[in-house]
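The values are calculated or read from the model by the stated rules, or taken from the named source; none is laboratory data. Being a predicted model, the structure only gives us computed values, none of them experimental. Neighbour counts are summed over all protein chains in view; Cβ atoms, including those assigned to glycine, are modelled from backbone coordinates with ideal geometry.
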Amino acid sequence: MDDVERLLRAIRDDADVARTRFTASFLNGLAEVYERHGPGVAHTYLLDKRERRELRLQADAALRVLGIMASNARVATDRRVGRLVIKTLAEIVREGH
């Protein structure tokens, strides 16, 4: 099992992430911020999104995903991998159930 497979498994195994319904527009926006500006700015972006009641659950779950991604060597060296994981989060979670 490679680094990305371990990352996907960790995301699927997180109960809070698994029960969150993500919208494509939310994930696309976050993926764009992550790839262009990195995990620190993506974290700040999500803290801002948490202030909107309708986005709070998605933002909280995405913060958990960023935490999981932070320990992954492949994502740390290539933001494009992180972007792809974020963009496909809804499918990744669905695949696990």
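Remarks
- Number of residues in region 9-44 that are closer than 12 Å to Ala62 by Cα, aliphatic (A, V, I, L, M) and surrounded by 16 or more Cβ atoms within 10 Å (Cβ to Cβ): the value is 6.
- Of all residues making up region 44-72, the number that are outside any helix (DSSP H, G or I) and not polar (S, T, N, Q): 2
- If you go through region 73-97 and keep only what is assigned to a helix (DSSP H, G or I) and small (Gly, Ala, Ser), you end up with Ala73, Ala76, Gly82, Ala90.
- One residue from Val85, Val75 being at pLDDT 95 or above and among the β-branched types (Val, Ile, Thr): Val85
- Region 29-43 residues that are part of a helix (DSSP H, G or I), paired with ones that are of a type in the set (Phe, Trp, Tyr) (beta carbon under 7 Å, 6 or more apart): Leu30/Tyr45; Val33/Tyr45; Ala42/Tyr34
- Between Phe22, Phe26, the distinction of being out of contact with any Asp or Glu (no Cβ under 6 Å at 6 or more places or on another chain), modelled with pLDDT of 95 or more and not in a helix (DSSP H, G or I) belongs to Phe22 only.
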